[in-house]
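The values are calculated or read from the model by the stated rules, or taken from the named source; none is laboratory data. On a predicted model such as this, the values are computed, not experimentally measured, just so you know. Reconstructed Cβ throughout: ideal geometry from the backbone, glycine too, with neighbour counts over all protein chains shown.
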Amino acid sequence: MGNKNISSRFRRLRQNQPLRDMVCETQLYPKDFIYPLFVIEGDDIIESVESMPGVYRYSVDNLDGILSEVNESGISGVLVFGVPAHKDSRGTEAYNKDGIVQKAISHIKSKYPDMIVIADICLCEYTDHGHCGLVCRDEILNDETLPLLAKMAVTTVQAGADIVAPSDMMDGDVAAIRRELDKNGFINTPIMGYSAKYSSAYYSPFRDAAGSAPGFGDRKSYQMDCRNVKEGLREIENDIAQGADIVMVKPALAYLDIVRAASDRFDYPLAVYNVSGEYSMVKAAAINGWIDERKVVTENLTAMKRAGAKIIITYHALDMAKWLKEEF
Ligand SMILES: [Zn+2]
């Protein structure tokens, strides 16, 4: 006997897994994911990043194991970060055509021509002061930094990068890079802008991985204030106007409201970066047995896609791809 007062029985479609799967609105696929890869100058190195369990820095000669894993996982590709042996005030190694990131990219593309290789474009891993731009008397210079970023973009594309992704948060970076790429004949290379990149405490494990902690001050004069939504949307709008092909919100989990707003407003592929601190919190809790890692990661990544992300950059990429394959 049904209770006439209950007009909607939502539970009808929640009765079993096949029914739930049939009506589910969000489905993750391995191809949604990009795996960040740290490549370090030197020989025969596989170093664990202490604050990011399961993440390593590889020398180029030791990349093949992880590359074959990426290749078999079905994820879309990798986002490459270089850790140079030598740092200076101008970040010279960032745009050296024989620099660590350029060598790594050309190695990856020679082994796996179909793997999407994205070059992170920024100076902070290469400068001795750890800032994303040139520095003069404790000020981070904007316009003077742009030609160096553009130069780095050209050298990484010459090495084989399929996409360049400026993460520096200098104003005008996308336009400067677009101009220089076009001038060098790379009119077909897409730019993925780190458009709404917030100044975030969630980045600290990454700085351990890439050795890029700022030597003085913080990044608040160029990265965004976490209290702002509208400004994030203006940043994205501006990156599109400058010629970005893909836009991004970073970090992901604490910023899903920005992801949703961006996805509703802009008809461009939207990426999110599920950053190091978000990863490490989950790993730490999982290692302690406090949460079910697989279920929490699946829920977190599903939430990013549900909020409107098309591309998810995450250190969980390889695990998630493996779990998805087990499901099917
Ligand atoms: Zn940077």
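Inspect all residues belonging to segment 214-231 and state whether any of them is under 21 Å from the mean Cα position of the chain (by Cα) and aliphatic (A, V, I, L, M).
Among the residues of segment 214-231, at least one is under 21 Å from the mean Cα position of the chain (by Cα) and aliphatic (A, V, I, L, M), which makes the answer yes.
Identify, please: which residue in segment 96-116 is closer than 14 Å to A153 by Cβ and of a type in the set (S, T, N, Q) and is, among those, farthest from the chain's Cα centre (by Cα)?
Going through the qualifying residues, I end up with N96.
Looking at (1) free of Cβ contacts under 8 Å to residues at least 40 places away in the same chain; (2) assigned to a helix (DSSP H, G or I); (3) among the basic types (K, R), which one does K283 not meet, given that it meets all the others?
Status for K283: all satisfied but (1).
Tell me yes or no: at least one residue of segment 297-310 is surrounded by fewer than 17 Cβ atoms within 10 Å (Cβ to Cβ) and under 13 Å from the mean Cα position of the chain (by Cα).
yes
Are there any helices (runs of 4 or more DSSP H) wholly within segment 147-247 with 1 or more residues that are away from the ligand (no atom under 16 Å from the Cβ), at negative phi and without any contact (Cβ under 8 Å) to a residue 40 or more places away in the chain, and if so which?
Where helices (runs of 4 or more DSSP H) fall fully within segment 147-247 and carry at least 1 residues being away from the ligand (no atom under 16 Å from the Cβ), at negative phi and without any contact (Cβ under 8 Å) to a residue 40 or more places away in the chain, they are 173-183, 230-242.
Please state which one of D128, D114, D64, D138 is surrounded by fewer than 16 Cβ atoms within 10 Å (Cβ to Cβ), of a type outside the set (F, W, Y) and within 16 Å of the ligand (Cβ to nearest atom).
Details: D114 fails: within 16 Å of the ligand (Cβ to nearest atom); D64 fails: within 16 Å of the ligand (Cβ to nearest atom); D138 fails: within 16 Å of the ligand (Cβ to nearest atom).
None of the others qualify; the one that does is D128.
Quick one: in segment 286-296, of everything that is assigned to a helix (DSSP H, G or I) and without any contact (Cβ under 8 Å) to a residue 60 or more places away in the chain, which residue is surrounded by the fewest Cβ atoms within 10 Å (Cβ to Cβ)?
Filtering segment 286-296 down to residues assigned to a helix (DSSP H, G or I) leaves 286-287, 293-296.
Those still in the list that are without any contact (Cβ under 8 Å) to a residue 60 or more places away in the chain too: 286, 293-296.
Details: A286: 17, E293: 17, R294: 15, K295: 11, V296: 16.
Filtering segment 286-296 for residues that are assigned to a helix (DSSP H, G or I) and without any contact (Cβ under 8 Å) to a residue 60 or more places away in the chain, the one surrounded by the fewest Cβ atoms within 10 Å (Cβ to Cβ) comes out as K295.
Looking at A262, A271 in this structure, which one is aliphatic (A, V, I, L, M), crowded, with 20+ Cβ neighbours inside 10 Å, assigned to a helix (DSSP H, G or I) and modelled with pLDDT of 95 or more?
After ruling out the rest, the residue left standing is A262.
Inspect segment 121-133 for any residue being closer than 30 Å to G74 by Cβ and in contact with a Leu (Cβ under 8 Å, 6 or more places away or on another chain) and give the result as yes or no.
So far as segment 121-133 goes, yes, one or more of its residues are closer than 30 Å to G74 by Cβ and in contact with a Leu (Cβ under 8 Å, 6 or more places away or on another chain).
Among the residues of segment 238-252, which ones are over 17 Å from F33 (Cα atoms), surrounded by 16 or more Cβ atoms within 10 Å (Cβ to Cβ) and not polar (S, T, N, Q)?
Answer for segment 238-252, where residues must be over 17 Å from F33 (Cα atoms), surrounded by 16 or more Cβ atoms within 10 Å (Cβ to Cβ) and not polar (S, T, N, Q): D239, I240, G243, A244, D245.
Answer yes or no as to whether Y255 is buried (at least 16 other Cβ atoms within 10 Å of the Cβ), in contact with a Pro (Cβ under 7 Å, 6 or more places away or on another chain), of a type in the set (F, W, Y) and modelled with pLDDT of 95 or more.
So Y255 fails the test.
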